[in-house]
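K.L.:
First, the structure itself, so that you have it in front of you.
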Amino acid sequence: MSALTIGQVAARTGAAPSALRYWEELGLIRSVRTAGNQRRYERATIRRIAFIRAAQRVGLTLEEIGAALAGLPEERTPTARDWARLSRAWRGRLDEQIGRLERLRDQLDSCIGCGCLSLTTCALNNPDDRLAERGPGAVLLEP
């Protein structure tokens, strides 16, 4: 099979055609156009899409993903060495995210036992809320 249609790529990757068009607009993936102006994608695009989706799942932005993909070769399918280089480059970023998630988990442990059930005064849902110490409700509207 040669080039794939947008529907075939969407079916193979689980990505919506609208996402594929958007990622193409951002330069994350590429297609060529037929004489009838229909998109056709090389099979290697499937790997790029798998990479985009995996990177999004770990919280990377499309800007970060685009910067990484810009460093991959266009003329060949990326190798395991290419992917490993990207993974090493993101290790610090991912470690920071893991740290944030661990802190959130630890805060949840104390929050669940708190019992306040407040979306306005809870330090977890409303961090740095200086007015919370004055009590619940619309404290600025008091006489």
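K.L.:
Return yes when ALA68 is surrounded by 15 or more Cβ atoms within 10 Å (Cβ to Cβ), modelled with pLDDT under 95, farther than 26 Å from SER87 by Cβ and touching a Phe, Trp or Tyr at 6+ places or on another chain (Cβ under 8 Å) and no when it is not.
P.N.:
No.
K.L.:
Name the one entry in ARG12, ARG53, ARG48 that is among the basic types (Lys, Arg) and within 20 Å of ARG91 (Cβ to Cβ).
P.N.:
ARG53 is the lone residue from the list that is among the basic types (Lys, Arg) and within 20 Å of ARG91 (Cβ to Cβ).
K.L.:
Can you name the residue in region 1-52 that is surrounded by 14 or more Cβ atoms within 10 Å (Cβ to Cβ) and of a type in the set (Asp, Glu) and is also farthest from PRO78 (Cα to Cα) among such residues?
P.N.:
Across region 1-52, the extreme among qualifying residues is GLU24.
The values are calculated or read from the model by the stated rules, or taken from the named source; none is laboratory data. In this text, all values refer to a predicted model and were calculated from it rather than measured experimentally. Note that we place each Cβ from the backbone using ideal geometry, even for glycine, and neighbour counts take in every protein chain shown.
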